[in-house]
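> My questions will all concern the structure given below.
The values are calculated or read from the model by the stated rules, or taken from the named source; none is laboratory data. Every value quoted in this text rests on a predicted model; they were computed, and no experiment measured them. Cβ coordinates were reconstructed from backbone atoms using ideal geometry, including for glycine residues, and neighbour counts include every protein chain displayed.
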Amino acid sequence: MRISCIVLTRNNPEELHETLGSVVAQSPKACNVHERDPWPWCCEIVCIDSSDPPLTEEEAVDPLRRLPPQAAGAFSFQLIHQFPPRGVYPAMNLGITAASGECLLFMNAGDAFFDATALDRLNAAAENFRQKQGLSPRLVFGQVLIAPQHGGGPCWLVPDPSVRHISRWLRCFLPNHQAVLMERNWAVAHPFRLDAPHSADRSWLRQALEPPTTFVYLPEPVAIFRLGGLSSGLPDRQILRLRLAEPSRTRWEKVAEVIKYLLRPAARWYPLFMRCKSAAAGLLCR
């Protein structure tokens with residue numbers, strides 16, 4: 001299977017190299033550098049760059065130069081400049097348009113796979129479903145490891161490992177897009193909304209999971225998400241106003257944003273609150 005990994009970057013070359021290094025480190029579980037057997041998947045990296053000055057392809061492809069000979073044919077790379085930047089979700093839509101894989105996933109510069117077999121495990125879960133059901137799942141998702149900034153406290157998994165009824169968990173929560181392998185044809189037909197600059201990925205995933213969808217949940221960590229970005233930070237008054245005005249948010253999501261705003265005085269304890277919430281959701285979905 002051909003997988004398109006769409007990576008967004010803007011003026012953060014170090015984080016971009018970390019993410020690209022994580023992508024090109026992916027390999028099949030049974031990978032042996034002495035074997036020449038074809039891999040069960042290939043990965044197309046689509047890098048959407050909004051940097052000023054723009055990245056050169058020489059700068060961006062540096063991690064690909066360290067690929068072992070066996071992996072050289074499994075990865076390809078294309079660099080697309082979008083400047084002046086028009087926002088995260090226009091960039092993600094541009095990546096969908098440029099992608100050619102059967103499935104795709106998104107990573108912002110700074111995100112990373114959990115380990116070197118994460119992509120292979122997602123692909124294997126999709127293939128197992130395809131063999132058993134005779135059709136491809138719309139999406140496959142696993143757990144994401146939430147990592148507070150600058151080592152500010154312990155990490156935790158979402159969904160919590162204690163979750164046994166994933167359909168029940170999905171009634172109130174959504175997977176992180178870094179841990180989601182999405183069917184590209186569906187993504188092409190359902191681009192991200194541009195009237196929700198802080199939450200379009202949430203409405204996109206909610207729509208993807210609407211019945212009669214087909215999905216696979218892999219109860220294993222596949223990606224790392226670092227707190228502190230646009231979507232995970234506590235909103236100030238201006239950002240709260242923007243988020244409450246977004247038509248894609250449900251009533252409960254708007255209530256959650258108000259709670260986040262009220263938690264600003266206790267910002268240092270926010271990761272602990274999120275960790276407890278994840279654990280509580282796990283207990284309720286056992």
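> Can you tell me which residue within the range 3-30, out of those that are in contact (Cβ under 8 Å) with a residue 24 or more places away in the chain and of a type in the set (D, E, K, R), is nearest to A116 (Cα to Cα)?
K29
> Another one. Cβ-Cβ below 9 Å, separation at least six or inter-chain, first residue in the range 63-89 and within 16 Å of L16 (Cβ to Cβ) and modelled with pLDDT of 85 or more, second among the polar types (S, T, N, Q) and exposed (fewer than 13 other Cβ atoms within 10 Å of the Cβ): which pairs?
L79/T56
> Assigned to a helix (DSSP H, G or I), more than 24 Å from A91 (Cβ to Cβ) and modelled with pLDDT of 75 or more: does that describe G21?
no
> For the range 46-147, which helices (runs of 4 or more DSSP H) that fit wholly inside it have 1 or more residues that are farther than 16 Å from I3 by Cα, among the hydrophobic types (A, V, I, L, M, F, W, C) and touching a Cys at 6+ places or on another chain (Cβ under 7 Å)?
So the answer is 57-60.
> In the range 265-281, which residues are within 19 Å of R237 (Cα to Cα) and modelled with pLDDT of 85 or more?
If the condition is that a residue be within 19 Å of R237 (Cα to Cα) and modelled with pLDDT of 85 or more, then P265 is the only one that fits.
> Return the total of residues in the range 121-152 being in contact (Cβ under 8 Å) with a residue 12 or more places away in the chain and within 23 Å of T19 (Cβ to Cβ).
Matching residues across the range 121-152 total 18.
> Out of curiosity, is L218 in a strand (DSSP E or B) and either over 25 Å from D111 (Cα atoms) or touching a helix residue (DSSP H, G or I) at 6+ places or on another chain (Cβ under 6 Å) (or both)?
For L218, the condition - in a strand (DSSP E or B) and either over 25 Å from D111 (Cα atoms) or touching a helix residue (DSSP H, G or I) at 6+ places or on another chain (Cβ under 6 Å) (or both) - is met.
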